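The values are calculated or read from the model by the stated rules, or taken from the named source; none is laboratory data. Quick caveat: nothing in here was measured; it's all calculated off a predicted structure. Don't worry about glycine lacking a Cβ; one is built from the backbone with ideal geometry, like all the others, and counts go over all protein chains shown.
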C-alpha cells in the first residue's frame, strides 16, 4: 500500500493533480470502468443544486434507514473528519476502509491523474459496491454535468435549488447554471425539482430526454397545519398527513422535505417506505452546520451559508428566532464568493461583526472582508482577527448573557469552531 494512514493518502492526493478542480468525466469514468466494469449494483439517487443538497441527503438517509433499508450516502465537503463524506447506515466508514479503497483506485488508475475530489468519489463508489446496500445517495460536489458523481447513472435525480454560486465554473446566469445542474438527468428516468420556479434550460433538457420531471408547486407540495409545525404532503397521486416538522431548523426545510417525499414516492417497489418510517426519519435527522443551535447563556448558531440565496434563508431563520439581546456574527468567507451580496442580506440582522481570515488558500484576507462589510453601510461595530479561532475568542469575551454568536460564511468557518468545541 502506498500509504499506511488516511492523512498520508489525502496529503498526496492534494498534490497529485495540477489543479484542485478539473471538471470533466473522461479520466474518472475510465478509472471506474477499469475498476468496476459492471452496472452499478443498487438503486441510486443523485442530488444536485445550489443550496439544500446536504439537508436533502440527510433527510433521505434518515427516512430510508427508519424504513429498515441499508443506505450508503456520499457528501462533501466534510466539517471535522474526512470519513464524514462516506457513510453506511448513518455511520462514517473507517480509515482502514477508505485507505483500502484508495489503494484499489491507485492500482486501477495507472498513470491517469485524479483530483482530490475524484479520488474521494471513486473511493465512495468502490466501498458502496462492496457493502451489500439497498440504496445509495450521491451528492454532487460542483454543478452536475461534469461532476465526478455523474459517472453513475441515477435512477432518480433530485435538483434542490438553482442560484448564483461557483460562477467561475458554472456560468454567471441562472439558465447556464440550470443547464449544468440538469446534466444529472437521464433519459426516461424520473427527476424532482424542489423549487417552484424552474428555469427554461432545466425544462427543455427534461423534455428533450423524455425525463418525467416533478416540479414543486405543480406536481407536489406541502401545507402547514398548525403552529406546532405539523404538516401534510400532497402530490397528484398521493397525500401523507400528520407529518412532524423536520429536525432541521430553517425556513427552507419543509420545501426540502416535500421534494424528498416526492423522491420516495418514485422509488422502486423493492424499497418500501411507510408513513410511519417517514415520520420517524423526519424526527431523527442529524446534520451539523445547518442553522445548528447550541443553547446556553450565550446561544451559538452554526451555519455554512456561503452564497446570497443561503444567506437569505439564514436571515429568515434569524428573524423567526429572535434573541433577547444582540446578535454577534463571526464571519469568514472564501475569496471566490459574492461577499458583498451576502453581507447586504445579513447586515440588518447583525449587531456586531467579528471578521476573520480563513487558513484556506482561497480564503479572503480580513482587510478585504472589512472593506466589504463597510461598503454595506451597516452601522454595526466591526472587529477583526487573524483567524477564526481568535475571532471566536473575541466574540465570546464580548458577549453577555442573552446575546447569541452566529458563525457563518463557509464550511471552513464552521469547521474551525466545531473543531474547537470538540477539543473541549
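The condition (being in the same structural domain as residue 328 (by TED's automatic domain parsing) and either over 26 Å from the mean Cα position of the chain (by Cα) or surrounded by fewer than 17 Cβ atoms within 10 Å (Cβ to Cβ) (or both)) is satisfied by just one residue among 369, 375: 375. Of the residues examined, residue 259 is one that is in a helix (DSSP H, G or I), touching a strand residue (DSSP E or B) at 6+ places or on another chain (Cβ under 7 Å) and at pLDDT 95 or above. Specify the residue that is modelled with the lowest pLDDT; the eligible residues are those in the range 319-338 that are touching a helix residue (DSSP H, G or I) at 6+ places or on another chain (Cβ under 8 Å) and surrounded by fewer than 23 Cβ atoms within 10 Å (Cβ to Cβ). Only one residue fits best here, namely 336. Answer yes if at least one residue in the range 342-352 is closer than 17 Å to residue 391 by Cβ and in a strand (DSSP E or B), and no otherwise. Taking every residue of the range 342-352 in turn, at least one turns out to be closer than 17 Å to residue 391 by Cβ and in a strand (DSSP E or B).
Taken together, the residues in the range 395-424 that are without any contact (Cβ under 8 Å) to a residue 24 or more places away in the chain, within 25 Å of residue 334 (Cβ to Cβ) and part of a loop (DSSP other than H, G, I, E, B) amount to 0. Within the range 119-136, the set of residues being assigned to a helix (DSSP H, G or I) and more than 18 Å from residue 8 (Cβ to Cβ) comprises 121, 124, 125, 126, 127, 128, 129. Of the strands (runs of 3 or more DSSP E) lying entirely inside the range 33-93, not one contains at least 3 residues that are outside the structural domain of residue 280 (by TED's automatic domain parsing).
Only a single item in (1) in a loop (DSSP other than H, G, I, E, B); (2) surrounded by fewer than 20 Cβ atoms within 10 Å (Cβ to Cβ); (3) out of contact with any strand residue (DSSP E or B) (no Cβ under 7 Å at 6 or more places or on another chain) is not met by residue 183, and it is number (1). Among the residues of the range 193-208, how many are in contact with a strand residue (DSSP E or B) (Cβ under 6 Å, 6 or more places away or on another chain), more than 16 Å from residue 252 (Cα to Cα) and touching a residue at least 40 places away in the same chain (Cβ under 8 Å)? Counting residues in the range 193-208 that are in contact with a strand residue (DSSP E or B) (Cβ under 6 Å, 6 or more places away or on another chain), more than 16 Å from residue 252 (Cα to Cα) and touching a residue at least 40 places away in the same chain (Cβ under 8 Å) gives 0.
No other residue among 211, 273 is farther than 25 Å from residue 291 by Cα, in contact with a strand residue (DSSP E or B) (Cβ under 6 Å, 6 or more places away or on another chain), in a loop (DSSP other than H, G, I, E, B) and at pLDDT 95 or above apart from 211.
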